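Asks: Here it is, the structure, as C-alpha cells.
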Amino acid sequence: MQFDSFSSFLSMGGYAFYVWLSFGVTGGAMLLLALQSYLQHKSLLNTVVVEQERRARVKKARDNASM
Amino acid sequence: MWKWLHPYAKTEKAYRLCITLQPWFWIGAIVCLFIGTIWGLAFAPQDYQQGDSFRIIYIHVPSAILSMGTYVAMAVAALVGMVWQWRTAYMTMIAMAPVGAVMTFIALFTGAAWGKPMWGAWWVWDARLTSELILLFLYIGVIALYGAFEDKQQGGKAAGVMALVGVVNIPIIHYSVEWWNTLHQGATISKFDNPSIAPEMLWPLLINLLGFALFIGAVTTVRLRSEIIRRELHRPWVQALASSYYENKRT
Amino acid sequence: MVVALYKGIFKRDMSIAFQQKAELMQPLMFLLMVVTLFPLGVSPSPDTLQRIGPGVIWIAAILSSLMAMERMFRDDFQDGAMEQYVLSGLPLPAVSIVKVAGHWLVSFVPLLLLSPLLAVFLHLTIDMYIALMLTLLLGTPLLSLIGAIAVGLTVGLQKGGLLLALLLIPVFIPLLIFATSAVDSAALQLPYYPQLAIIAAMLLLAVASAPFAIAYSLKVSQN
C-alpha cells in the first residue's frame, strides 16, 4: 500500500481532482456505453416481439372476419 | 486452414458465438480491470517526478493503444467483408466502431486531465493527443457514413472502404503530426513517453490493457448481437429467439 | 480504339463542365472570400499575414475543393451515365482516372491561376509563392484522387456535402502539414525539397491505389 491512510489515498498527493476526474469520467463512459448497448439490444428484441403480437392479432381478426 | 471460421459467415452462427463468448469477456474484463485499477491506484509506487498524478497512465495508455487497435480490427473486418463477401464481417466492424470511439474519447480526456497538472494547460497540441483527436474524427466519419445509408448492406460496404482508407492513413497521419510537432514544439517536453518504466508500475498497466481489451470484446459482442437482429429482423430464427426470450421473461 | 472511348468520356466531361460555368465559379469565389476574411478577422499586418498565409491558402483550398468535388460523379450518377460506365467493358479504374483528371483540370487549374492574387493579398514573398505553387501542383491532384474515393461513396446520398467534409478533412491533414511547412521553410530561405518529396510520394501512392478504390466506391454506390 503506497498510502498511509485512506484520506491520503483520496487526496492522491494533491492531484485528487485530476486523478479522480479521469477515473470517474472513464468509468462513467464505459458504464454508459455498456448500458446503452445492453438497452439497445433489449429494445430490439422487444420490437420483434411487439411486431409478432401485432401480426398474430391481425391474423386473428382476419380469421374471425372471414368466418 | 481457416475452414473453422467459415460457419461464422452465417448470422445465426455468429449470434450463437457471441452468446458463448459474452460471459467470458465480461468476467475477464471485470476481474482484470478490478485488479489492475486497484493495483495501479493504491499499490504501484509513485513517480518521482509526477507524484500520484501519473496514475492516470493506467487508463490513458491502455485506452490509447486500444483505440488504435480497435480501428485496425475494424479495418481487418472490412477487408474480410470485402474479400470474402461476409455480411457478418461488416456487422462486426460497425459494432466495434462506437466502442473504439469511446476509447478514443477516454484517451483524449485522460490525456487532458493528465496534462493540466503537468504542463498547466488542459489541451496541448502534442503529437500523441493531436493524432488521437484525428483518430476520433476518423471514427466519427465511419459511423456517420454508415448511418447515412438506408440500405445497410450498401452502407456496410461504404463504411468498409472508409475504414480501409483510414487505416492506410493512420501511420501517415501519426508520423506527419509527430514531425509537425518537432517543428512547433515550445518549451514543453512530451512526458507521455516514459523513458523506462519500473516493473512494479508495468504490471498493473498490462493487466488494465487486457481488461480494457476484454471490455471492448464484451461490448462489441452485445452490439454485434443487436446489429444482427436489426439486419435479420424477419428471419425465422430471430423470431423464434425473440419469442423465447419473451417467454423466459414472462415466466 | 479504346483510347477513343476514354477521349469521349473526357470530352463529355469537359463540355458538361463548360455548360456549368456558374457552378465552377462558385468554389473559386468561396476561396477568394475565405482568404479575404483572414486579414479582416485576424490582422492586416504584413508580418502576421505572411506568417499565417500558407496555412490560410491551403486550408481555404481544401475547403473550397470539398465544395467543388461533389459534382465529380453526381451528374453521371443521376442521368444514368455512371451505370453505363460500370456495365461497359471498360475497366472502371481507368474510367475513374479519366474523370478525376478532367475534374482536376476544371476545378484546380483555375485555383492555380488564382494563386498569384492570393499570394499578393497575403503578402507572400516570391520564394514563398514558388513553394506554394509547387505544393499546389503536387497536392491538388492528391486532393482530387483521394477525394474521389469519398465522393464515389457518397454520390448516392441525399445530404452528402457535409459528410464528405467529415470524411476527407482528417485524411488531408498530412498534406496540409507538409505543404504549409514547405512554404514556411521557403519563407526562411531554407530548402524544402524533403517536404515536396513526401507530398510527391503520397501522390504516387494515390495514383497507384486510388483508381481501384474509386472504382469500388462507384460500384458500391451503383449497387
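Asks: Could you tell me the convex hull volume per residue, in Å³, taken over the Cα atoms of segment C:2-222?
Replies: Numbers: hull volume 25.5 nm³, N = 221.
Residue-normalised Cα hull volume stands at 115 Å³.
Asks: While we're looking at this one, here's another question. What aspartates and glutamates could a cross-link reach from C:Lys159, if we take a straight Cα to Cα line under 14 Å and drop same-chain neighbours fewer than 8 places away?
Replies: Result set, ordered by chain and number: B:Glu150, C:Glu70.
Asks: Tell me, what is the percent relative contact order of segment C:2-222, built from C-alpha pairs under 8 Å that lie six or more residues apart?
Replies: Normalised by residue count, the contact order of segment C:2-222 is 27 percent.
Asks: Report the Cα centroid-to-centroid distance between segment B:65-113 and segment B:14-42 in angstrom, as an integer.
Replies: 18
Asks: Okay, next question. Using the crude model of +1 on Lys and Arg Cβ and -1 on Asp and Glu Cβ, and no other charge, please compute the dipole size for chain A relative to its Cα centre, in debye to 20.
Replies: Numbers: 7 positive and 4 negative charges, 153 e Å.
Roughly 740 debye, rounded to the nearest 20.
Asks: Lys pairs in chain B, Cα-Cα under 22 Å, at least 8 apart or on separate chains: how many?
Replies: Values: B:Lys3/B:Lys13; B:Lys10/B:Lys152; B:Lys10/B:Lys157; B:Lys13/B:Lys152; B:Lys13/B:Lys157; B:Lys116/B:Lys191.
Lysine pairs meeting both conditions in chain B amount to 6.
Asks: Out of residues 5 or more away from B:Asp47 or on other chains, whose amide H comes under 5 Å of its own, with H placed 1.01 Å from N in the peptide plane?
Replies: B:Phe54
Asks: Of the listed peptides B:171-179, B:147-155, what is their order by residue-averaged count of other C-beta atoms within 10 Å, with the highest listed first? Could the numbers behind the result be given before it?
Replies: Values: B:171-179: 17.8, B:147-155: 15.6.
Per-residue Cβ counts within 10 Å, averaged per peptide and sorted highest first, yield B:171-179, B:147-155.
Asks: Given contacts defined as C-alpha pairs under 8 Å and at least six residues apart, what's the relative contact order of chain B, whole-number percent?
Replies: Relative contact order for chain B comes out at 34 percent.
Asks: Per-residue mean of other chain beta-carbon atoms within 10 angstrom of the beta-carbon, peptide B:106-118? List each step's numbers first, then the result.
Replies: Values: counts 8, 1, 0, 5, 7, 1, 3, 11, 4, 1, 4, 5, 2.
The mean count of partner-chain Cβ atoms within 10 Å per residue comes to 4.
Asks: From the phi of every residue in segment C:106-112, what ³J(HN,Hα) in whole Hz does the Karplus formula 6.51 cos²θ - 1.76 cosθ + 1.60 yield, where θ is phi - 60° and glycine or proline is x?
Replies: Each residue's phi maps through the Karplus curve to give 6, 9, 9, 4, x, 5, 4 Hz.
Asks: Next question, about the same structure. Expressed as a whole number of Å, what is the distance separating the alpha-carbon centroids of segment C:177-219 and segment A:22-67?
Replies: 49
Asks: As I understand it, the value is the acute angle between the Cα axis of helix C:193-222 and the longest principal axis of the Cα atoms of chain C; what does it come to in degrees, rounded to 10?
Replies: 30
Asks: Return the sequence-ordered ³J(HN,Hα) values of segment C:19-26 in whole Hz as given by the Karplus equation 6.51 cos²θ - 1.76 cosθ + 1.60 applied to θ = phi - 60°, using x for Gly and Pro.
Replies: Coupling constants for segment C:19-26: 7, 9, 3, 4, 5, 6, 6, 4 Hz.
Asks: I'd like the orientation of helix C:46-69 relative to chain C: the angle between its Cα long axis and the longest Cα principal axis, in ° from 0 to 90, rounded to 10.
Replies: 10
Asks: Let me ask something additional. Rounded to the nearest 500, what is the 222 nm mean residue ellipticity of the protein assembly as shown from helices alone, with -39500 (n - 2.57) per DSSP H run of 4+ residues and division by all residues? Each step should come with its number before you reach the end.
Replies: Working: 19 runs with 444 residues, N = 541.
Calculated mean residue ellipticity at 222 nm is -29000 deg cm²/dmol.
Asks: Further question on the same structure: If we count other beta carbons within 10 Å of each Cβ, what is the order of C:Ser15, C:Ser64, fewest first?
Replies: Numbers: C:Ser15 10, C:Ser64 23.
Lowest to highest Cβ neighbour count: C:Ser15, C:Ser64.
Asks: Just counting partner chain Cβ atoms within 10 Å, what average do the residues of peptide B:135-148 show around their Cβ?
Replies: On the way: counts 1, 1, 6, 4, 1, 3, 10, 2, 1, 4, 9, 0, 1, 8.
Mean partner shielding for this stretch: 4.
Asks: Whole-Hz ³J(HN,Hα) for each residue in segment B:226-243, computed from phi via Karplus 6.51 cos²θ - 1.76 cosθ + 1.60 with θ = phi - 60°, x for glycine and proline: what do you get?
Replies: 4, 5, 4, 4, 4, 7, 10, 3, 9, 6, x, 5, 5, 4, 4, 4, 5, 5
Asks: Relative to the Cα centre, what is the charge dipole magnitude of the protein assembly as shown, using +1 at the beta carbon of each Lys and Arg, -1 at the beta carbon of each Asp and Glu, and rounding to the nearest 20 debye? Please list the in-between numbers first.
Replies: Working: 35 positive and 27 negative charges, 448 e Å.
With Lys and Arg at +1 and Asp and Glu at -1, about 2160 debye.
Asks: Angle between the Cα long axis of helix A:16-66 and the longest principal axis of chain A, 0 to 90 degrees, nearest 10?
Replies: That works out to roughly 10 degrees.
Asks: Here's another thing I want to ask about it. Could you work out, residue by residue across B:52-61, how many beta carbons of other chains sit within 10 Å of that residue's beta carbon, and then give the average as an integer? Please report the intermediate quantities before stating the final value.
Replies: Working: counts 12, 9, 3, 8, 8, 1, 3, 7, 2, 0.
Across the residues of B:52-61, the mean count of other-chain Cβ atoms within 10 Å is 5.
Asks: Over segment B:62-110, what is the relative contact order in percent, taking alpha-carbon pairs closer than 8 angstrom and at least six residues apart? Can you show the working numbers first?
Replies: Numbers: 40 pairs, mean separation 24.8, N = 49.
RCO, segment B:62-110: 51 percent.
Asks: Something else now. Which of the peptides C:131-143, C:189-201, A:46-58 is most tightly packed, and how do the rest follow, judged by the mean count of other Cβ atoms within 10 Å per residue? Working shown, then result.
Replies: On the way: C:131-143: 22.3, C:189-201: 15.6, A:46-58: 12.8.
Ranking the peptides C:131-143, C:189-201, A:46-58 by packing returns C:131-143, C:189-201, A:46-58.
Asks: Using packing as a proxy for protection, rank C:33-44, B:122-133, C:145-156 so that the peptide with the highest average count of other Cβ atoms within 10 Å comes first.
Replies: Values: C:33-44: 13.8, B:122-133: 18.5, C:145-156: 27.0.
In descending order of packing, they fall as C:145-156, B:122-133, C:33-44.
A short reminder: the numbers here are calculations on the coordinates, not readings from a lab. Quantities reported herein were computed from a predicted structural model and do not represent experimental measurements. Every residue, glycine among them, receives a Cβ derived from its backbone with ideal geometry; neighbour counts consider all protein chains shown.
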